[in-house]
Amino acid sequence: PILFHFLETQYGSVDYRVSCDLRDELLRKPLGMSLFDQDLEEEKDFIHLIGKNEGQELIAYLQFKKIDKVTLKMQQVVVAEHAQGKGIGRKLILFSEQFAIMSGFSSIILHARETVIGFYERLDYEREGERFVEVTIPHFKASKELQ
């Protein structure tokens with residue numbers, strides 16, 4: 001089995017910068033966009049969670065934007081291509097939910113790409129409303145109340 005661990009990192013750290021490159025490569029370049037065209041300054045106040053393998057390589061990332069006292073919005077979920085299909089994404093989500101609970105939050109919302117909404121539904125996120133377009137591709141809103 002592949003060994004990896006999850007932890008929080010800080011805006012502006014080396015790990016954060018590496019995560020930006022990973023996000024740009026997998027989430028923006030395929031759409032003909034660049035993550036670096038947007039102002040990442042707003043991410044100062046976000047929670048940044050990462051996954052690293054046994055070689056300390058950053059292989060997974062997600063961020064939480066605080067919506068209110070009890071709700072977080074999960075965004076920018078990404079697993080490095082060579083690490084996909086090994087359950088890392090699922091473990092990252094479960095880690096992030098525990099992190100949210102321990103930080104006093106009870107609800108997570110997200111906008112999932114249509115191609116991955118099933119992944120979130122298998123983790124008990126409930127799809128809400130109609131399909132909509134965000135960053136040029138179809139998405140669905142989903143949410144989960146944390147236990």
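The set of residues in the range 78-87 being open to solvent by less than 70 Å² (accessible area, probe 1.4 Å) and out of contact with any Lys or Arg (no Cβ under 6 Å at 6 or more places or on another chain) consists of VAL79, ALA80, ALA83, GLY87. Among the residues making up the range 22-35, a single one is surrounded by 14 or more Cβ atoms within 10 Å (Cβ to Cβ) and not in a helix (DSSP H, G or I): MET33. Taking only the range 1-15 into account, find how many residues are under 21 Å from ILE93 (Cα atoms), out of contact with any His (no Cβ under 6 Å at 6 or more places or on another chain) and outside any loop (DSSP other than H, G, I, E, B). Residues that pass the stated criteria total 6.
Looking at the structure I just gave you, is GLN75 open to solvent by 20 Å² or more (accessible area, probe 1.4 Å) and over 28 Å from GLY104 (Cβ atoms)?
No: the conditions fail for GLN75.
The residues on offer are SER34, SER19, and the sole one that is touching an Asp or Glu at 6+ places or on another chain (Cβ under 7 Å) and of a type in the set (Ser, Thr, Tyr) is SER34. Entry remark, the range 36-63: residues being free of Cβ contacts under 8 Å to residues at least 40 places away in the same chain and either open to solvent by less than 10 Å² (accessible area, probe 1.4 Å) or part of a loop (DSSP other than H, G, I, E, B) (or both) number 9 in total. Note on the range 88-147: among residues that are among the hydrophobic types (A, V, I, L, M, F, W, C) and in contact with a Ser or Thr (Cβ under 7 Å, 6 or more places away or on another chain), the one that is most open to solvent (accessible area, probe 1.4 Å) is ILE109. Could you go through the range 75-85 and let me know if any residue there is among the acidic types (Asp, Glu) and in contact (Cβ under 8 Å) with a residue 24 or more places away in the chain. Yes - at least one qualifying residue is present in the range 75-85. When the range 106-131 is filtered for residues that are part of a strand (DSSP E or B), farther than 22 Å from LYS29 by Cβ and touching a residue at least 12 places away in the same chain (Cβ under 8 Å), the ones remaining, listed by number, are SER107, ILE108, ILE109, GLU126, ARG127, GLU128, GLY129, ARG131.
The values are calculated or read from the model by the stated rules, or taken from the named source; none is laboratory data. Being a predicted model, the structure only gives us computed values, none of them experimental. Glycine gets a Cβ as well: all are built from the backbone with ideal geometry, and neighbour counts include every protein chain shown. Note: accessible area is taken over every heavy atom of the protein model, side chains too, but ligands, DNA and RNA are not part of it. Shrake-Rupley method; radii C 1.70, N 1.55, O 1.52, S 1.80 Å.
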